[in-house]
Amino acid sequence: MKNLVKIAFVVLISLVSCKKEEVKDYVTLSGKIENHVGDEIKITGRGFEKIIKMDENGSFKDTLKVSKKNTKYMLFDGNEYAELFLKNGYEVNINLDTKKFDETIKFSGKGAETNNYLADKTRMQKELFTPSLFDAEEKEFDATIATIEKKLSDFINNAKGVDSTLIATEKMGLASFKKGIKGAYMQQKARKAQFASFVGKPAPDFKNYENIDGSKTSLKDLKGKNVYIDVWATWCGPCKREIPALKELEHEYKDKNIAFVSISVDNGRGYPGNSLEKSKEGWKKMIAEKEMKGIQLFADKAWQSDFIAAFKIRSIPRFILIDTKGNVVDADAPRPSSKKIKEVFNKLKL
């Protein structure tokens, strides 16, 4: 009898032990953000948005239900963002410092492997896709893209513990990568031709744009100087990647007859409530933190500004070069990181 009881007990324990773990129908998201912009972060996805409050130390914790059909989301802290892969049942912990957002973001907990894969991919892409890539001649461009494709393929194939659906999506994307980026390259070349009609003509004007010090600046104030204009926004990753090169360029030509002007088209995007005032605060903060030089201006009506519309600016960053007489030298000038920009400058009477 004792043996029967013992056997029954063992069977019962076995059944309990083998019981399938119940998957939670929500995601637990927690973490800490150093140097956070406001007192909240925003999680967005297709038809989804949730605001999560942080305490004064930048710590947060909340739950959210996500769709089975949609696993890709974005985390925003002010104008900075990171891609997330979320499934109900995940318990993801996030740690980062906004001063080096992409470099420091790290995930732990259930679902960490997949999200760390995305963070590592972002860091790798920043190294592979240099801003000057599209300045290369076609033969050099094709060779560089072949190298990048191989590195991306190795990165995907060597991933460990990453959700299989994401890996399948990544492989599908890689299959069309070369064709897609070559198409973008050809569009860039066509765009260059499109803006050729501006060359030699008087530049469209901007009037009384707010300066970082509170004063007003118009393009006519700079007549007699060559003017290199950077149209950017604080939420724009490629724009921010140009800042170090722009600062180096400004330093090298500081004694020359050229003014460096940065015009922000920030309009509230990426800030709590899409607030214009919050974005202006973020603009001032970023200029201070990154120690940006030159003439820092805030466009009067963001993308709807007359100057932006006149130059047909629909994507950023965009660089424009104007001569001492106020005529356009290049309406789509090389970026600061491009090897070609100094060649262009050296042709001017600086």
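The values are calculated or read from the model by the stated rules, or taken from the named source; none is laboratory data. Owing to the predicted nature of the structure, the values given are computational and were not obtained by experimental measurement. Every residue, glycine as well, gets a Cβ built from its backbone with ideal geometry; the counts of neighbours run over all protein chains shown.
Hey, could you check the range 269-283 for residues that are out of contact with any strand residue (DSSP E or B) (no Cβ under 9 Å at 6 or more places or on another chain) and touching a residue at least 40 places away in the same chain (Cβ under 8 Å) and say which is surrounded by the fewest Cβ atoms within 10 Å (Cβ to Cβ)? Let's see the steps before the verdict.
Looking only at the range 269-283, we keep the residues that are out of contact with any strand residue (DSSP E or B) (no Cβ under 9 Å at 6 or more places or on another chain), and these are 269, 273-278, 281-282.
Still in the running and touching a residue at least 40 places away in the same chain (Cβ under 8 Å): 269, 278, 282.
On the way: Arg269: 17, Lys278: 19, Gly282: 24.
So the residue we want is Arg269.
So Thr98 passes all but one of these: (1) modelled with pLDDT under 95; (2) among the β-branched types (Val, Ile, Thr); (3) surrounded by fewer than 15 Cβ atoms within 10 Å (Cβ to Cβ). Which condition number does it fail?
(3)
When you scan the range 323-341, do you find a residue that is within 18 Å of the chain's Cα centre (by Cα), assigned by TED's automatic domain parsing to the domain that holds Asp213 and exposed (fewer than 14 other Cβ atoms within 10 Å of the Cβ), even just one?
Scanning the range 323-341, I find no residue that is within 18 Å of the chain's Cα centre (by Cα), assigned by TED's automatic domain parsing to the domain that holds Asp213 and exposed (fewer than 14 other Cβ atoms within 10 Å of the Cβ), so the answer is no.
Which of the residues belonging to the range 150-165 are touching a residue at least 40 places away in the same chain (Cβ under 8 Å) and either touching a strand residue (DSSP E or B) at 6+ places or on another chain (Cβ under 6 Å) or outside any helix (DSSP H, G or I) (or both)?
Selection gives Ala159, Lys160, Gly161, Val162, Asp163.
Identify the residue in the range 211-253 that is aromatic (Phe, Trp, Tyr) and part of a strand (DSSP E or B) and, among all such residues, is surrounded by the fewest Cβ atoms within 10 Å (Cβ to Cβ).
Trp232
Would you point out the residue of the range 44-66, among those that are among the acidic types (Asp, Glu) and assigned to a strand (DSSP E or B), that is nearest to Gly31 (Cα to Cα)?
Here the residue is Asp62.
Go through (1) at pLDDT below 95; (2) farther than 28 Å from Ser279 by Cα one by one and return the number of the condition Gly78 breaks.
All conditions pass for Gly78, except number (2).
Of all the residues that make up the range 72-94, how many are under 27 Å from Gly268 (Cα atoms), buried (at least 16 other Cβ atoms within 10 Å of the Cβ), in contact with a strand residue (DSSP E or B) (Cβ under 7 Å, 6 or more places away or on another chain) and not charged (D, E, K, R)?
So the first thing to find is which residues in the range 72-94 are under 27 Å from Gly268 (Cα atoms), and the list is 72-86, 94.
Going one step further and asking which of them are buried (at least 16 other Cβ atoms within 10 Å of the Cβ), we end up with 73, 75-82, 84-86, 94.
Then keep just the ones that are in contact with a strand residue (DSSP E or B) (Cβ under 7 Å, 6 or more places away or on another chain); that gives 73, 75-77, 81-82, 84-86, 94.
Those left that are additionally not charged (D, E, K, R): 73, 75-76, 81-82, 84-86, 94.
Going through the range 72-94 one residue at a time, the tally reaches 9.
Go through Phe177, Phe195 for me and flag whichever is closer than 30 Å to Phe307 by Cβ, aromatic (Phe, Trp, Tyr) and under 26 Å from the mean Cα position of the chain (by Cα).
The conditions single out Phe195.
Only one of Asn95, Asn115 is outside any helix (DSSP H, G or I) and in contact (Cβ under 8 Å) with a residue 12 or more places away in the chain. Can you tell me which?
Asn95
I'd like the full set of residues that are closer than 30 Å to Lys110 by Cα and loosely packed, with under 14 Cβ neighbours inside 10 Å, limited to the range 170-193.
Passing the criteria: Lys171, Met172, Gly173, Ala175.
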